[in-house]
1. Could you list, in sequence order, the residues of segment 174-189 that are surrounded by fewer than 16 Cβ atoms within 10 Å (Cβ to Cβ) and not aromatic (F, W, Y)?
2. In segment 404-426, which residues are in a loop (DSSP other than H, G, I, E, B) and modelled with pLDDT of 95 or more?
3. For segment 237-257, does any single residue satisfy the condition of being closer than 30 Å to V137 by Cα and free of Cβ contacts under 8 Å to residues at least 60 places away in the same chain?
4. For the structure I just gave you, tell me whether R386 is modelled with pLDDT under 95 and under 30 Å from R290 (Cβ atoms).
5. Please give the number of the condition I311 fails out of (1) without any contact (Cβ under 8 Å) to a residue 60 or more places away in the chain; (2) in contact with a helix residue (DSSP H, G or I) (Cβ under 8 Å, 6 or more places away or on another chain).
6. Spot the failing condition for A83; the list is (1) modelled with pLDDT of 85 or more; (2) within 27 Å of A158 (Cα to Cα); (3) out of contact with any helix residue (DSSP H, G or I) (no Cβ under 6 Å at 6 or more places or on another chain), and only one is missed.
7. Just checking, does segment 87-95 include any residue being farther than 15 Å from E42 by Cβ, β-branched (V, I, T) and either in contact with a helix residue (DSSP H, G or I) (Cβ under 8 Å, 6 or more places away or on another chain) or surrounded by fewer than 13 Cβ atoms within 10 Å (Cβ to Cβ) (or both)?
8. Across segment 353-385, what is the total count of residues that are among the hydroxyl-bearing types (S, T, Y) and either closer than 14 Å to P310 by Cβ or without any contact (Cβ under 8 Å) to a residue 60 or more places away in the chain (or both)?
Amino acid sequence: MGKTVETLRYRWRDIAKSAHDVFIRTPEPDLPKRDVARMRAEIAACIEGRGGDVSSRARAAALGRAYLSLNPKGRRQFLELVAEFVPNREAIASCNHKLAAAENEAEYQEAARALRDALESPPERLFRQFNSLPEGVKFLVDLRAELLTYRHADPALARIETDLRYLLTSWFDIGFLELQRITWNAPAALLEKLANYEAVHEVRNWLDLKNRLDADRRCYAFFHPLMPTEPLIFIEVALTGGLSSAIEPLLDPKAPVEDPHEAQTAVFYSISACQEGLSGISFGNALIKRVANDLLQEFRSLRTVATLSPIPGFVAWLERRGGDEEPLMSMLSRRSWHRDPEVALALKEPLLRLCAHYLCEEKRDGGIARDPVAHFHLSNGARMERINWLADRSARALRESAGMMVNYVYRIDQIDENHEAYCGQGEIAVSAPIKSLLH
């Protein structure tokens with residue numbers, strides 16, 4: 001919450017002072033016992049909406065400022081206080097009784113509305129108060145990111161994390177999002193965020209970033225109207241003459257700039273989620289399809305939409321197998337093995353076959369692909385097209401996938417069929433070359 005802390009302490013100060021009866025005094029950073037009772041009372045007042053909309057908004061701003069002033073220990077205690085508020089079981093039982101006893105449609109509808117109100121989570125009512133505050137939605141997104149670190153250790157905090165996820169899922173519906181193309185002329189602050197959020201291929205410097213936004217490149221991001229300066233997810237695209245088999249030429253700032261109107265292939269080579277607090281709320285599927293459709297309309301020469309994707313779980317899976325794979329792992333453990341032509345040649349065929357098996361045959365519960373990137377693209381309706389040997393020689397790629405990358409192809413007329421086959425029967429659409437590796 002670094003920047004949020006700096007900004008919101010001041011932006012919310014005047015709002016918090018707008019009602020005379022709200023909690024203003026900042027608690028000690030670790031929220032000692034002498035502050036706990038008062039804080040609990042203020043949380044209750046905000047949940048109840050005491051004093052009307054203006055007072056509730058002021059209380060939310062005051063609570064938000066108080067939370068931002070706390071250290072990690074104090075923040076966890078604050079969240080534990082919020083988790084103390086749960087739906088009233090007696091009120092729910094009473095509403096259920098009235099619903100069952102309703103003698104006409106009017107009574108039934110009134111009882112149903114009362115039951116919905118009784119079932120609503122008090123923490124959710126608290127979180128809703130932040131919606132109208134400046135950058136309040138961003139505050140909640142960052143708040144959920146903190147809750148995610150506690151959810152496995154504390155069932156009560158897991159419960160309010162679920163409440164907040166439910167709320168954010170409704171607010172961040174795809175229909176509310178705006179697709180924007182990001183160019184080199186974008187504000188410097190936004191360009192800096194792209195570099196910081198890039199999760200697949202590290203941005204090395206400004207020249208590297210400029211190359212990714214050149215004439216034969218595209219970068220698109222989803223934004224939310226209430227977070228207009230914060231990208232939610234972005235995708236980087238290279239417009240090329242054919243299917244790319246290595247990442248280095250796509251990231252080479254010295255490579256000549258091609259005419260995008262002559263490109264036959266759009267290669268999606270990086271997709272990065274930007275907001276940890278929106279984890280589990282999916283935007284990638286919609287982003288890929290929106291961008292693919294836009295590119296196909298803009299460039300009539302395009303024939304193929306594909307990816308050049310990492311295989312992050314392959315080497316870890318290979319290590320767990322042991323046994324017959326130990327000689328391969330021994331060779332992979334050699335420093336700079338990929339620079340030794342004999343070693344690389346000896347490893348190429350067995351690793352390509354094992355990688356094809358890993359991508360296509362290794363499954364998690366529910367019959368989905370074990371590799372998370374493979375599952376993402378296959379569930380979106382892509383076809384697994386080609387595994388590329390030593391396509392990424394970065395230290396991270398060598399460590400995770402022995403430098404291999406895979407192309408997934410999106411054929412607009414086959415996406416729905418592939419999606420149904422994968423999600424319904426666990427069938428993976430693969431090309432003939434990959435089938436040959438499996439056999």
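1. I174, G175, E178, L179, R181, T183, N185, P187, A188, A189
2. Selection gives M404 alone.
3. Initial filter on segment 237-257 (closer than 30 Å to V137 by Cα): 237.
Narrowing further to those that are free of Cβ contacts under 8 Å to residues at least 60 places away in the same chain: 237.
Yes, the conditions are met somewhere in segment 237-257.
4. No.
5. For I311, the failing item is (1).
6. Going through the list (1) modelled with pLDDT of 85 or more; (2) within 27 Å of A158 (Cα to Cα); (3) out of contact with any helix residue (DSSP H, G or I) (no Cβ under 6 Å at 6 or more places or on another chain), A83 breaks only (3).
7. Going through segment 87-95, the residues farther than 15 Å from E42 by Cβ turn out to be 87-95.
Subsequent filtering for residues that are β-branched (V, I, T) retains 92.
Narrowing further to those that are either in contact with a helix residue (DSSP H, G or I) (Cβ under 8 Å, 6 or more places away or on another chain) or surrounded by fewer than 13 Cβ atoms within 10 Å (Cβ to Cβ) (or both): 92.
Yes, segment 87-95 contains a residue that is farther than 15 Å from E42 by Cβ, β-branched (V, I, T) and either in contact with a helix residue (DSSP H, G or I) (Cβ under 8 Å, 6 or more places away or on another chain) or surrounded by fewer than 13 Cβ atoms within 10 Å (Cβ to Cβ) (or both).
8. 1
The values are calculated or read from the model by the stated rules, or taken from the named source; none is laboratory data. Not measured: the values here are computed from a predicted model. Positions of Cβ are backbone-derived with ideal geometry, glycine not excepted, and every protein chain shown enters the neighbour counts.
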